[in-house]
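The next block holds one structure in the form of structure tokens; read it before the comments.
The values are calculated or read from the model by the stated rules, or taken from the named source; none is laboratory data. Nothing here was measured: the structure is a model prediction, and the numbers come from that model. As a convention, Cβ positions derive from the backbone with ideal geometry for all residues, glycine included, and neighbour counts pool all protein chains shown.
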């Protein structure tokens, strides 16, 4: 079987950096090509999977933490513009009130 050709021309206006498979039947070849491309990129960069951050035992929790809090340092609840002070307790209280905490 011929290897699936990935379209990775970074044409942002098409909505895809890497086009998805055209059909369910094309998915296995598409995934194989995507994995090969990833390995080629890693080889070019000299990356070894064992050296990657995700291989660090202290960071194993990141592989199962599917929800993460994102915030901006100048969020109105985290930074008081008038006093020019950070207010993390206020920010956390707001998260508890709106979402039950983090």
Query raised in the report: What is the one condition in (1) surrounded by 10 or more Cβ atoms within 10 Å (Cβ to Cβ); (2) assigned to a loop (DSSP other than H, G, I, E, B) that residue 28 does not satisfy?
Result: (2)
Query - Test result for residue 58, under 30 Å from residue 101 (Cβ atoms), outside the structural domain of residue 99 (by TED's automatic domain parsing) and at pLDDT 80 or above - result: yes
Query raised in the report: Which condition breaks for residue 39 when tested against (1) under 17 Å from the mean Cα position of the chain (by Cα); (2) at pLDDT 85 or above?
Result: (1)
Query raised in the report: Residues of the range 54-68 being surrounded by 10 or more Cβ atoms within 10 Å (Cβ to Cβ) and over 13 Å from the mean Cα position of the chain (by Cα), which ones?
Result: 55, 56, 59, 60
